[in-house]
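One structure is given here, and the rest of the page talks about it.
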Amino acid sequence: MNLSQVLLNALRDHGAHEIFGIPGDFALPFFKVVEETGILPLHTLSHEPGVGFAADAAARFHSGLGVAAVTYGAGALNMVNPIAGAYAEKSPVVVISGAPGAGESRSGLLLHHQAKTLDSQYAVYREITCDQARLTDARSAPAEIARVLASCLRESRPVYIELPRDMVGVACEPVVPSPPLAVDADALDACVGEILARVRGADAPVLMAGVEVRRFGLEDKVAELARRLGVPVVTSLMGRGLLADTDAPLVGTYLGVAGRPEVTDLVERSDALLLLGVIISDTNFGVSSRQIDLRRTIQALDHRVTLGYHTYPDIPLAALVEELLARLTAAPLPVPFARPRYPRGLQADAGPITPNDIALAVNDLMDAHGRMPIAADMGDCLFTAMDIEHTALVAPGYYATMGFGVPAGLGLQAASGERPLILVGDGAFQMTGWELGNCRRYGWDPIVIVLNNASWEMLRTFQPESGFNNLDDWGFAGMAAGLGGEGVRVATRAELKAALERAVRTRGRFQLIEAMIPRGVLSDTLARFVAGVRRLSQK
């Protein structure tokens, strides 16, 4: 085999299912091998940010590798923002970048796509990936590939592989996967014993599930753990959508001052808050109505467990959960809890549409036609998703980058085969909405709801005096046909309900519903979030 085939086989053997990419001159030889071998299916998009977001969403769905392939310089540097977001939110994306060959590098000429030096791109990606490799020697390449892919899966963070174009066809030995790192059994035993003592001695223990639970494929096991512990479960904001297909004693999503008071009170009064895979970030905890004392929590994240003032290093989350289950062999305990109830019953009349109405309409739709996975962008569409029935969700809840929603929805359909619902604001749609033009080639047919208030409305809530938050009305629905889909603009609740019913019955083409929302109208959840942030900032 040649080096490219070895790399593609290693990606597949480590759990990759597809590649998203955009070819360019330094990457053309590699893309030719991808296409001709068919080892992994290739989906090309229109702009590198969309490639990164789609690969991120696929990684989140698979609980495994997503792959983004681009060219050197203008391609890879264009994808820095999505990969930085994947790093922040612990999504295991493999970036493969073409690169100049050895002869070109030694020519003495400045090469096109080069920034400061030929190594500048490598240095940039070193900052936003957990491991890197430059495949310049076929003898060492298999070990380099094995190491980097193992890091990607172990850390659940992006990695970077640079493939010079003169190395693509060089003969190479296959990759031998790296063995898993050993876990200190004594340290794990002591850690689990201390956790169980803390939980059993508590008056109000609570388990919060975060992104690592999904990244490492632990949802079913964490649901069973909650039952055996006999504790209620919440998800963090970033973990929204977790445990949707389990029978975990799930009471809702913790949103601090923006959430349901009973969930907020449950979390903030807990004397043994077990945080499994929860990123300790401002979006997860920055709007707590009362400051959570993290010294009283049990934090399992990033291969370590922290209890109070001490830490057990090198304890992977999967090993921790397995050992907890091994200790808790008793019959599952009944957990008194009330499942969250999400609003339903849209009043289909001539009234104007609000974000709350969109949540109602989607809940009614899924009651009638079944749940759909959701890709949400930042802004009020994400907060609106908090009032939608618990279902699989991908969203940039921590890194908070705009433009994620549409390409993430395409990545979600490519990875899952299921038809997704995409929630996106008009500002974010202006950035990456045009990726919908690729749906026809691949048979993708998402339902896209554009929350159009001709505004960067979430920014306006924090700085209402600034006119630059105003956007023009681009008429997105009218552009859908040219992109290969169908579009409709709706301004009333009755029109919204009819458009959703028509969209769900129409398969084979993407359906774009442009929901016109008056400026200044927020979802209840976002309004509470903004008010809470303002209150906390004034303290």
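The values are calculated or read from the model by the stated rules, or taken from the named source; none is laboratory data. Everything quoted here is computed from the prediction, not taken from an experiment. Cβ: placed from backbone, ideal geometry, glycine included. Neighbour counts: every protein chain shown.
When restricted to residues that are out of contact with any helix residue (DSSP H, G or I) (no Cβ under 8 Å at 6 or more places or on another chain) and more than 18 Å from residue 323 (Cα to Cα), the stretch 195-240 contains 5.
Tell me, please, whether a residue that is closer than 25 Å to residue 65 by Cα, buried (at least 23 other Cβ atoms within 10 Å of the Cβ) and not hydroxyl-bearing (Ser, Thr, Tyr) can be found in the stretch 182-202. No - not one qualifying residue is present in the stretch 182-202. Can you name the condition, by its number, that residue 119 falls short on among (1) buried (at least 22 other Cβ atoms within 10 Å of the Cβ); (2) without any contact (Cβ under 8 Å) to a residue 60 or more places away in the chain; (3) not β-branched (Val, Ile, Thr)? Among (1) buried (at least 22 other Cβ atoms within 10 Å of the Cβ); (2) without any contact (Cβ under 8 Å) to a residue 60 or more places away in the chain; (3) not β-branched (Val, Ile, Thr), the lone unmet condition for residue 119 is (1). Among the candidates 290, 296, 260, the residue that is in the same structural domain as residue 208 (by TED's automatic domain parsing), under 20 Å from residue 397 (Cα atoms) and basic (Lys, Arg) is uniquely 260. Taking the stretch 436-488 as the search range and keeping residues that are of a type in the set (D, E, K, R) and assigned to a helix (DSSP H, G or I), which one is surrounded by the fewest Cβ atoms within 10 Å (Cβ to Cβ)? Out of the qualifying residues, it is 441. When the criteria are applied in full, residue 12 meets the requirement of being basic (Lys, Arg), surrounded by fewer than 24 Cβ atoms within 10 Å (Cβ to Cβ), part of a helix (DSSP H, G or I) and modelled with pLDDT of 95 or more. Does residue 176 meet the test of being within 30 Å of residue 214 (Cα to Cα) and assigned to a helix (DSSP H, G or I)? No: the conditions fail for residue 176.
Determine whether residue 342 is outside the structural domain of residue 418 (by TED's automatic domain parsing), among the aromatic types (Phe, Trp, Tyr) and at pLDDT 95 or above. Answer is no for this residue. For the stretch 217-230, the set of residues classified as surrounded by fewer than 22 Cβ atoms within 10 Å (Cβ to Cβ) and in contact (Cβ under 8 Å) with a residue 40 or more places away in the chain consists of 217, 221, 224, 227, 228, 230, listed by residue number. How many residues does the stretch 491-529 hold that are surrounded by fewer than 18 Cβ atoms within 10 Å (Cβ to Cβ) and either of a type in the set (A, V, I, L, M) or assigned to a helix (DSSP H, G or I) (or both)? The total comes to 9.
For the stretch 129-140, a residue qualifies if it is out of contact with any Asp or Glu (no Cβ under 7 Å at 6 or more places or on another chain) and more than 15 Å from residue 14 (Cβ to Cβ), and the qualifying residues are 129, 132, 136, 137, 138, 139, 140.
For the stretch 125-145, the tally of residues that are buried (at least 18 other Cβ atoms within 10 Å of the Cβ) and in a helix (DSSP H, G or I) stands at 6. Restricted to the stretch 299-387, the set of helices (runs of 4 or more DSSP H) holding at least 3 residues that are over 29 Å from residue 180 (Cα atoms) comprises 355-369, 380-385.
Summed over the stretch 282-298, residues that are outside any helix (DSSP H, G or I) and not charged (D, E, K, R) total 8. Considering only residues in the stretch 219-240 that are assigned to a loop (DSSP other than H, G, I, E, B) and touching a Pro at 6+ places or on another chain (Cβ under 8 Å), the one that is modelled with the lowest pLDDT turns out to be 230.
The residues in the stretch 473-516 that are of a type in the set (Gly, Ala, Ser) and either farther than 19 Å from residue 364 by Cβ or not assigned by TED's automatic domain parsing to the domain that holds residue 437 (or both) can be counted, and the count is 10. Quick check, is residue 267 at pLDDT 90 or above, in contact with a Phe, Trp or Tyr (Cβ under 6 Å, 6 or more places away or on another chain) and not in a helix (DSSP H, G or I)? So residue 267 fails the test. The set of residues in the stretch 25-44 being out of contact with any Lys or Arg (no Cβ under 9 Å at 6 or more places or on another chain) and surrounded by fewer than 21 Cβ atoms within 10 Å (Cβ to Cβ) consists of 32, 33, 35, 36, 37, 38, 41, 42.
Restricted to the stretch 462-489, and to residues that are in contact with a helix residue (DSSP H, G or I) (Cβ under 9 Å, 6 or more places away or on another chain) and small (Gly, Ala, Ser), which residue is modelled with the lowest pLDDT? Checked the stretch 462-489; the qualifying residue modelled with the lowest pLDDT is 466.
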